[in-house]
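Colleague: Quick one: the structure is below, and I'll ask about it shortly.
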Amino acid sequence: MRALVWHGKHDIRCDSVPDPRIEQPRDAIIRVTSCAICGSDLHLYDNVIPGMERGDIMGHETMGVVEEVGPECHGLKRGDRVVIPFTITCGECEQCRRGNFSVCERSNRNKSLADKAFGHTTAGLFGYTHLTGGYPGGQAEYLRVPFADRTHIKVPESLTDEQVLFLSDIFPTGWQAAVQCDIQPEDTVAIWGCGPVGQMAIRSAVLLGARQVIAIDRMPERLSMAQAGGAIPIDFSAESVVERLNELTHGKGPEKCIDAVGMEAHATATLDSIYDAVKQTAMLETDRPHVLREMMYVCRPAGVLSVPGVYGGVLDKIPFGMAMNKGLTIRTGQTHVQRWTDDLLRRIEQGQIDPSFVITHRIGLEEGPGMYKTFRDKQDSCIKVVIRP
Amino acid sequence: MSGRRDAGGRDTTLAVVRGLGWFSVGLGLAELLAPHAFTRNFGLRGHERLIESYGARELAAGIGILASRDPTPWLWGRVAGDALDLGTLATGLAGHNRPRSRIGIALAAVAGVTLLDVLCSRAMGARRQRAKRLARRDYSDRRGMPRPAAQMRGAARDFEVPQDFRIPEPLRPWTNATQTGAPQTDAPQTGAT
Ligand SMILES: NC(=O)c1ccc[n+]([C@@H]2O[C@H](COP(=O)([O-])OP(=O)(O)OC[C@H]3O[C@@H](n4cnc5c(N)ncnc54)[C@H](O)[C@@H]3O)[C@@H](O)[C@H]2O)c1
Ligand SMILES: [Zn+2]
Ligand SMILES: [Zn+2]
C-alpha cells in the first residue's frame with residue numbers, strides 16, 4: 001500500500017510499504033477513506049519531538065471502513081464505518097474506566113521507554129514516535145487498529161466523512177480545551193492560536209456559553225475564520241496582546257486562557273522569544289513557551305490556563321511564582337477523545353456544529369509531502385488538509 | 001493600454017533591477033577577461049586571481065537577477081559582494097605609492113551602487129510581502145454553526161461538565177462567584193436559578 005513515511009526532518013515521502021496485518025486478537029484493519037494532517041504532525045515534521053525513526057508512517061486523524069477483525073475484536077465487523085481516535089485505549093485499565101483515555105495504562109507497547117521519559121507511561125498513539133508505542137499511523141491506505149474493540153467511534157451513513165473525521169482529534173481537543181475552563185456565563189475566554197484546534201476551541205467556548213471569546217494569531221485568513229466563529233480577533237504581530245486583552249476585560253484580564261499553539265510558538269519581537277530561539281538552536285531548551293508565559297502574566301487571578309498545545313520536553317523561564325501567587329489552575333493533556341465523542345457526534349447530527357468548516361485543502365496521498373510544507377508555512381491560506389488515499 | 005498594465009512605481013523598480021543585472025554581467029565579464037586593468041588601476045597588483053573570482057561572482061549574480069523568477073536573494077547577494085568590493089578597494093588605499101584619487105572615485109562609485117542594491121532588495125522584498133498578503137483568502141463565511149455566534153452562544157449549556165473538570169466554586173475568579181452566586185459570603189446571593 002501507499003503511505004506517508006517519515007524519513008527525517010522536513011523529509012516526508014509517499015512510499016510503498018507492506019500492508020498491515022492482524023497481529024493481536026483485538027486488532028482490526030481498516031481501509032482508510034479519509035485522514036488529515038494535524039498541527040501535532042508539524043512538530044514531527046520539524047523534528048522537535050524526539051523518538052521518530054526513519055520509515056515510521058505518519059498520521060493520527062483517520063477514518064474508514066473495517067476490512068478485517070481479529071478473533072477477540074467483539075462488537076466490530078467487516079463493513080462498519082468508523083472514526084479512529086488518535087489515542088489507543090484498552091477500555092479496561094483504571095485510567096480508561098475513569099475516562100482518562102489518553103493515559104491508558106496498557107496500550108503503549110513501549111511502556112518501559114515511556115516510564116523512563118515521563119515517570120509513568122501514557123497511552124499508545126498512532127503515528128507519534130516510539131515513546132508512545134511506535135504504532136504506524138493512518139496517513140495510508142490501510143491502518144491496523146490495536147484494541148480496536150474499544151478504539152473506534154461508529155458513525156452513521158447519514159453524515160459525510162468530512163463532517164465526522166475530526167471526531168478523531170481536533171474537535172474533541174478544542175472541546176476539551178473549553179471544558180477544562182469550566183466556562184461560566186460571565187467568562188472571557190482568550191484563545192492563543194487560530195489553527196484547527198483554536199478554531200474548534202472558539203466554537204466550543206461559544207456553544208458552552210462564554211460571554212466573550214478572544215482569539216489571537218497573526219495570519220489574516222485564520223483570524224477571519226476565528227471572527228466568523230464569534231471571536232474578537234487580535235493580530236499579535238500588529239498589536240500588544242497583553243494591552244488588548246486588558247482593554248477588553250476592563251483591566252482585569254481574561255478569566256480563562258487556552259494555549260492552542262504549543263511548543264513552536266512564533267517569535268514575536270519580544271525579548272523572551274528571541275531568548276527561546278537562541279536556546280532552542282543551541283539545544284539548551286526543547287520548547288518555545290512564549291504563549292504559556294503570556295497567559296500566566298495576563299490571566300485573571302484565580303483563573304484557568306487550559307493547555308491543549310503540545311509540549312515536548314523542558315521549558316525554560318516559566319514564571320511559576322506568578323502562576324502560584326495568582327492561584328491559577330493549570331489543566332493540560334492529550335485529549336481523552338472517547339470521553340466526549342458520543343456527545344459531540346450527537347451535536348453534529350443535530351446540526352449545532354459542522355466541523356468541516358475548517359477544511360481548506362483536499363488532496364490525494366501523493367500530494368502529501370508537498371502539503372506538509374504548505375501547511376507548515378501557512379501558505380496558500382492553508383488551515384486544514386484532508387487526504388483521500 | 002494593455003502594455004501599460006505595470007504602470008507607475010512597479011516598472012521603475014523592475015527596470016532598475018534589470019539594469020543592475022546587466023551591470024553585474026558587464027562588470028563580471030570585464031573582471032574575468034581583463035583582471036590586470038583593475039589591479040593596475042587600484043593598486044592591487046598581484047591580486048589578479050582574486051579579481052577573477054570577483055568577476056565570476058558578479059557574473060553569477062547578474063545571471064541570477066536576470067533569469068530567476070524572484071531576483072531578491074540575488075540582489076542581497078550583490079549587497080554582500082559590494083561589501084567585499086569596498087573592503088578590497090580600501091586595502092588598496094592602505095599602501096604608500098598608491099593611486100589614491102582613483103581608488104577614492106572607485107570607492108564612491110561602489111558605495112553608490114551598494115545603496116542602489118540595498119534599495120532594490122528592500123523594494124522587491126516588500127513587494128513579495130504584499131503579494132503574499134494579497135494571496136490570503138478570506139474565511140469570514142466559515143462559521144461552522146447554523147446561526148450567527150451571538151445566537152449560538154450557550155447552545156450547549158445542556159452539557160454537564162464532569163466533576164473532575166469542575167473548578168471548586170470558592171476558587172473561581174471573583175466575577176464568577178458573584179454573578180453565579182454560589183459561595184457563602186457577604187455578597188448578596190443573586191442567581192437563584
Ligand atoms: N492535546 C491534544 O490532544 C492535541 C490534539 C491536537 C493538536 N494539539 C496541539 O495543538 C496545537 C495547535 O494545533 P493546530 O493543528 O491548530 O496547529 P497549527 O500549527 O495549525 O496552529 C498553530 C497556530 O498558532 C499560531 N501561533 C504561533 N505563535 C503564536 C503566538 N505567539 N500567539 C498566538 N498564536 C500563535 C500560528 O500562527 C498558528 O495559526 C499544536 O501544538 C498541536 O500539537 C494537541
Ligand atoms: Zn492531532
Ligand atoms: Zn486503558
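Colleague: In whole Hz and in residue order, list the ³J(HN,Hα) couplings for segment B:35-43 that follow from phi through the Karplus curve 6.51 cos²θ - 1.76 cosθ + 1.60, θ = phi - 60°; x for Gly and Pro.
Modeller: Ordered by residue, 3J(HN,Hα) equals x, 4, 4, 6, 4, 4, 5, 10, x Hz.
Colleague: Packing-wise, with mean Cβ within 10 Å as the measure, how do A:65-76, A:34-45 rank, highest first? Intermediate values should be presented prior to the final figure.
Modeller: Numbers: A:65-76: 16.6, A:34-45: 24.3.
The most tightly packed comes first, giving A:34-45, A:65-76.
Colleague: If one takes the longest principal axis of the Cα atoms in chain A, at what angle in degrees, from 0 to 90 and to the nearest 10, does the Cα axis of helix A:196-207 lie?
Modeller: Between helix and principal axis, roughly 70 degrees.
Colleague: Given q = 0.11, 0.20, 0.22 Å⁻¹, what are the Debye log10 I(q)/I(0) values for segment B:12-131, with equal point scatterers placed on the Cα positions and solvent ignored?
Modeller: Calculated log10 I(q)/I(0) at the listed q: -0.38, -1.05, -1.21.
Colleague: I'd like the accessible area for A:Glu186, computed on protein heavy atoms only with a 1.4 Å probe and all protein chains in place. Round to 10 Å², please.
Modeller: Ignoring ligands and nucleic acids, A:Glu186 comes out at about 60 Å².
Colleague: To the nearest 10 degrees, how steeply does helix A:271-281 sit against the main Cα axis of chain A, on a 0 to 90 scale?
Modeller: That helix lies at roughly 30 degrees to the long axis.
Colleague: What base-10 log of the normalised intensity I(q)/I(0) is obtained for segment A:1-144 from the Debye formula, alpha carbons as equal point scatterers, at q = 0.08, 0.12, 0.15, 0.21 Å⁻¹?
Modeller: Each listed q maps to, in turn, -0.21, -0.48, -0.76, -1.39.
Colleague: What residues from segment B:53-70 fall in the zone where the backbone N is under 19 Å from a label point 7 Å along the Cα-to-C-beta line of A:His10?
Modeller: B:70, by backbone N distance to the label point.
Colleague: Taking θ as phi - 60°, what are the ³J(HN,Hα) couplings along segment B:53-66 by the Karplus curve (6.51, -1.76, 1.60), each to the nearest whole Hz, with x for Gly and Pro?
Modeller: 5, 4, x, 4, 4, 4, 4, 4, 4, x, 4, x, 5, 6
Colleague: How many Å² of accessible surface get buried when B and A come together, counting both sides, probe radius 1.4 Å, rounded to the nearest 100?
Modeller: Values: alone 14010 and 15970 Å², together 26300 Å².
Result for this pair: about 3700 Å² buried.
Colleague: Net charge within 14 Å of A:Pro172 by Cβ-Cβ distance, Lys/Arg positive one each and Asp/Glu negative one each, not counting A:Pro172 itself? Could you put the intermediate results ahead of the total?
Modeller: Numbers: positive: A:Arg203, A:Arg339, A:Arg346, A:Arg347; negative: A:Glu61, A:Asp169, A:Asp342, A:Asp343.
Every neighbour counted, the sum reads 0.
Colleague: Enumerate the amide H contacts of A:Met52 below 5 Å, restricted to partners 5 or more residues apart or on another chain; note that Pro and chain-start residues carry no placed amide H.
Modeller: The answer is A:His130.
Colleague: Something else now. Can you run phi through the Karplus equation (6.51, -1.76, 1.60; θ = phi - 60°) for segment A:224-234 and list ³J(HN,Hα) in whole Hz, with x for Gly and Pro?
Modeller: 5, 5, 5, 5, 4, x, x, 9, 8, x, 10
Colleague: How would B:Arg128, A:Arg347 line up by accessible area, probe 1.4 Å, largest first? Provide the component values of the computation, followed by the final result.
Modeller: Values: B:Arg128 120, A:Arg347 0 Å².
So the residues, ranked largest to smallest area, are B:Arg128, A:Arg347.
Colleague: On to the next question. With a ≥ b ≥ c the root eigenvalues of the C-alpha gyration tensor of segment A:288-389, is it rounded (a/c under 1.5), prolate (a/b larger than b/c) or oblate? Before the final figure, lay out the partial values.
Modeller: Values: a/c = 2.72, a/b = 1.53, b/c = 1.78.
Taking the square roots of the gyration eigenvalues as a ≥ b ≥ c, segment A:288-389 is oblate.
Colleague: Which of the pairs A:Lys9/A:Lys256; A:Lys317/A:Lys378; A:Lys256/A:Lys384 have their Cα atoms more than 31 Å apart in this structure? Intermediate results must be reported in sequence, preceding the final value.
Modeller: Details: A:Lys9/A:Lys256 35 Å; A:Lys317/A:Lys378 28 Å; A:Lys256/A:Lys384 26 Å.
Correct reply: A:Lys9/A:Lys256.
Colleague: Around A:Thr62, which amide H atoms from residues at least 5 apart in sequence, or from another chain, sit under 5 Å from its own amide H, with H modelled in the peptide plane?
Modeller: A:Ile84
Colleague: Give me, ordered by chain and number, the residues 5 or more places off A:Gly137 or on other chains with an amide H under 5 Å from its own placed amide H.
Modeller: HN-HN under 5 Å from A:Gly137: A:Ile57, A:Met58, A:Gly127.
Colleague: Follow-up. Mind putting together the pair-distance distribution for chain A? All Cα pairs, 10 Å bins, whole percent per bin, short to long.
Modeller: Histogram of Cα-Cα distances, whole percents per bin: 5, 24, 35, 26, 9, 1, 0.
The values are calculated or read from the model by the stated rules, or taken from the named source; none is laboratory data. Remember, predicted model here, so these are calculated numbers, not experimental data. Using ideal geometry, Cβ is built from the backbone for each residue, glycine included, and neighbour counts are taken over all protein chains shown. Accessible surface is based on the protein model in full, side chains and every heavy atom, while ligands, DNA and RNA are left aside. Shrake-Rupley method; radii C 1.70, N 1.55, O 1.52, S 1.80 Å.
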